Amino acid sequence: MPKLKELRRFFLILRAKIINLMRRLSIGLAFWFGFMSLSFAQINLRDDKVTVEEVWMTPMFYPDFPNEFRWMLDDQYYSVLEKGEIARYSIADEKKDGTVLDLKARLGKAAEGVESYTFGPGEKTVLLTAEGESIYRRSSREKTWAVDLNSDAVWALHEGKKIGNATYSPDGKKVAYTYENDLFYFDTEKNQTVRITKDGKNNAIINGSTDWVYEEEFAFVKAFWWSPDSRHIGYIRFDESKVPEFTMSMYGQLYPDLYTFKYPKAGEVNAEVSVRIYNLSNQTTKMADLGAEKDIYVARMTWASDSMLAAMRLNRLQNELTVLMIDAASGKTTTWLTEKSDTYINEVSDDKWHFLKEGKGMLWMSEVDGYNHLYHYDMEGNQVRQITEGDWAVSGLASIDEENEMIYYMSTEVSPLERHLYAINFKGKKKKRLTEEAGFHDISFSSANSYYEDTYSTEATPPVSVLKSVKKGEVVKTLVDNARLNKGLERLNIAAPEFFTFTSTDDVSLNGWMIKPADFDNSKQYPVLMFVYGGPGSQEVKRQWDGFNYGWHQSLAQQGYIVACVDNRGTGGRGRDFRAITYGDLGKYETIDQIEAAKYLGGLDYVDKSRIGIWGWSYGGYMTALCLTKGDGLFKAGISVAPVTNWRFYDTIYTERYLKTPQLNPEGYDKNSPINFVNKLKGSLLLVHGTGDDNVHYQNSLEMVNALVNANKQFDMAFYPNKNHGIYGGYTRYHLFKKMTDFVLENL
């Protein structure tokens, strides 16, 4: 449930659809604006005002990005997906340098639907995908072609059916993929499809891709890995036959369809996972020995060498992580490293480890000293040294230059509100900050680490994408400057967010921002709408462009509201102890801090403390409901979108990480679930949910409604049939935010 899961998926889907539409129609953004004005002729946009229509019915607040940008092996070139082709560009030249692949020439009419591409090893081949169909938040299936760039060969994988997770082998001769819960590979030399597993079954057995809860909470879908020598495939098998099922009604026909899938709620049975290693030469499979305990998670896998597969094993409570080394030939395992926590191991990502070549050990990320830092371990599992240290966190790895023994990483050293790129050598020396521009930076390094793509933004400045030289530190090329968006913002009467810090009565320093009306008058008093997310490790108070939310908040500011946001205890960017204080007691400290924030804001001379509202989505919806019920009338109104109303309704991995199981910590589940405190509700409540939400189930809001009715509490509600956790599609987002705007105007 981190914030990234709430809206970013929506942004990516919308962007893909817009770009694909424009590519098919051979149009640009100028046509898009015209198309929107023709389609929504009833919209009257003002030159100096931000409206809900402008935010959600035009691409006004949506920034441009390079489309499917890929670095090429020659550090002097990169490629992008353009109309009908994969185009190659020189770093030194503004113009297109050539065509990597003419899509229409290879695929014919099917080329119109191509949405993405991935180069095979050595850039001798490329995988093309089209007609992508989303399954859950990250998973999808799509038609996939393997194309030989040095010949006329084109292969439609699995006879043109929609498959998932297609990945070339390191030798470039085979493509592994998943189809209907089984694992396959296609041999381009033999023009042959090989089926590795045969027991895949819906809602029972999954081979090579993750189940719902792994996808959602461990943030990966592809659960197979090629060995470096292409002789083995290690994969995870999920037996979810005993996992309880959840059923959603899908409306739109005379009798609703029932969609049933496996969803382990807190304290319930998880899928039993096993690690298998398939030998391509003799077509045999070995099972890895993961230990006697079966109620575990395999949070990540990778190959440490040609013959050794590494796996991260987590216990169910996620406070002990073990790195296992698995022998590919026998399946035997040895314990290589163990990390324990008094609370929980923070969210595992791909960046947590990186095995160095030639047996030089592993780079490991850990927050054992209170902040996330880099460590070097040898191949025996012994710590060589701590590479980074300080009261700041490494937030991710950007690149590893093994030849020159340099590490490029992102960190919070400048400020918890920003993310910057640094370089440091393997010995922890020669540290250097590489990004000077204020704000949040997103980095992609070229193949030989000579250049990097830097996409950066601030709270009031849309993203800029540039190419920079690592050696000289200068911008060598601008990819996207978002001049269109900046020009649009210039005509609007808006004020940039202002950052502030205050100290709570618990003597905790909390960061916040506020957006004031552009014509702000210090002698007047304004109503305030607070925006909250607040979940573990999340961060809303940061110097980063926030797109649609920013636009809507500006529209409210223009109507005389102050919009404010405060990151409570439990959020990210400020180290382990600040984040993990909520362990075992989700909702307690977060609510205290949001109430403190409201009191602080209410004490400002220019704030009308009798008109303070709050809104949030998902964890923010949960926080909104808690503040309205535990705030003792401090909040006059609140909008709770897709909230968890009782942690017993949410999934195992996320909930138990922070609360343990309901069996071990029943009090932690109940004493901060808003469903149990509806009798204390004060202020107006708008409750919103999509009935097709596979993540935070519609059940949460229905049970909240039931409790509110039983407590004789009035409220407003808006339910969106078949919509998932993002609540989008067609006019949906516009309809929702129009309703939210009206609610704010009526109640604040």
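The values are calculated or read from the model by the stated rules, or taken from the named source; none is laboratory data. Values in this document were obtained by computation on a predicted structure and should not be read as measured data. A quick note on method: Cβ atoms are made from the backbone with ideal geometry, for glycine too, and the neighbour counts reach across all protein chains shown. Surface areas here come from the heavy atoms of the whole protein model, side chains and all, with no ligands, DNA or RNA. Shrake-Rupley method; radii C 1.70, N 1.55, O 1.52, S 1.80 Å.
Some values worked out for this structure:
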item: Cut-off 13 Å (backbone N to label point 7 Å along Cα→Cβ of residue 679), residues of region 689-722; result: 708, 710-713
item: Convex hull per residue volume in Å³, alpha carbons only, for region 421-568; result: 170 Å³
item: Spherically averaged projected area in nm², based on the convex hull that wraps the Cα atoms of region 187-255; result: 8.0 nm²
item: In degrees, nearest ten, helix 29-39 long axis to first principal axis of the chain (Cα); result: 50 degrees
item: 25 Å Cα-Cα threshold exceeded, pairs from 265/332; 222/352; 477/516; result: 265/332; 477/516
item: For region 379-394, 3J(HN,Hα) per residue [Karplus equation, 6.51 cos²θ - 1.76 cosθ + 1.60, θ = phi - 60°, Hz, x = Gly/Pro]; result: 6, 9, x, 9, 6, 7, 6, 8, 8, 10, 7, x, 7, 7, 10, 6
item: Helical contribution to [θ] at 222 nm, DSSP H n ≥ 4, -39,500 (n - 2.57), averaged over the chain, rounded to 500; result: -5500 deg cm²/dmol
item: Distance violations [Cα-Cα > 28 Å] among 173/357; 294/360; 357/432; 83/124; 190/286; result: 294/360
item: Where a label projected 7 Å from the Cα of residue 502 along Cα→Cβ would reach, residues of region 603-620 with amide N under 17 Å; result: 603-615
item: Amide proton proximity set for residue 300, modelled H, under 5 Å, gap of 5+; result: 312
item: Interchain or long-range residues, amide H under 5 Å from residue 419's placed H; result: 439, 440, 441
item: Proximal aspartates and glutamates to residue 242, defined as alpha-carbon separation beneath 12 angstrom and excluding residues fewer than eight positions away on the same chain; result: 268, 272
item: Euclidean distance between Cα centres, region 458-492 to region 164-221, Å; result: 39 Å
item: Accessible surface, per residue, of the chain when the full set of protein chains is kept, probe 1.4 Å, Å²; result: 41 Å²
item: Along each principal axis, Cα extent of region 136-261, largest first, Å; result: 52, 31, 25
item: Whole-Hz ³J(HN,Hα) from phi, Karplus 6.51 cos²θ - 1.76 cosθ + 1.60, for region 595-611, glycine and proline x; result: 5, 4, 5, 5, 5, 4, 5, x, x, 6, 4, 9, 10, 8, 5, 7, 10
item: Region 642-748 - Kirkwood radius from inverse mean 1/r over Cα pairs (Å); result: 15.1 Å
item: With DNA, RNA and ligands ignored, accessible area of residue 186 (1.4 Å probe; Å², nearest 10); result: 20 Å²
item: Positive minus negative residues near residue 105 (Lys, Arg vs Asp, Glu; Cβ under 11 Å); result: -1
item: Candidate aspartates and glutamates - alpha carbon under 12 Å from residue 636, same-chain residues fewer than 8 apart omitted; result: 608, 746
item: Alpha-carbon centroids, region 682-742 and region 312-385: separation in whole Å; result: 42 Å
item: Sum of side-chain charges, residue 290 neighbourhood, beta-carbon under 12 Å (Lys, Arg +1; Asp, Glu -1); result: +1
item: With Cα atoms, 0 to 90° folded angle of helix 619-630 axis to the chain main axis; result: 30 degrees
item: Rounded tilt (10° steps) of 699-710 against the dominant C-alpha axis of the chain; result: 20 degrees
item: Within region 378-417: backbone nitrogen closer than 20 Å to the residue 476 label point (7 Å, Cα to C-beta); result: 398-409
item: For region 338-425: rounded, prolate or oblate by the Cα gyration tensor [a/c cutoff 1.5]; result: oblate
item: Compactness of region 672-730 as Cα Rg over 2.2 N^0.38 Å, two decimals; result: 1.17
item: The chain - percent of accessible surface contributed by carbon and sulfur, probe 1.4 Å; result: 46 percent
item: Fraction of alpha-carbon pairs over 45 Å apart in the chain - percent; result: 22 percent
item: Residue-wise HN-Hα coupling along region 727-743, computed from phi with Karplus coefficients 6.51, -1.76, 1.60 (Hz; x: Gly, Pro); result: 6, 9, x, x, 8, 4, 4, 4, 4, 4, 6, 5, 5, 5, 4, 4, 5
item: Cβ-placed point charges (K, R +1; D, E -1), dipole of the chain about Cα centre in debye, nearest 20; result: 820 debye
item: Residue 96/residue 710 FRET efficiency (R0 45 Å; Cβ-Cβ; nearest 0.05); result: 0.10
item: Gain in span if fully extended, residue 320 to residue 357, counting 0.36 nm per residue against the direct Cα distance; result: 10.6 nm
item: Point-to-point label distance, residue 486-residue 522, nm (Cα→Cβ direction, 7 Å offset); result: 3.1 nm
item: Computed accessible area, residue 138, all protein chains, 1.4 angstrom probe, square angstrom; result: 80 Å²
item: Shape parameters for region 250-318, alpha-carbon atoms, Rg then Dmax in Å; result: 18.3, 57
item: Estimated FRET transfer efficiency (residue 239, residue 403; beta-carbon r; R0 45 Å; 0.05); result: 0.55
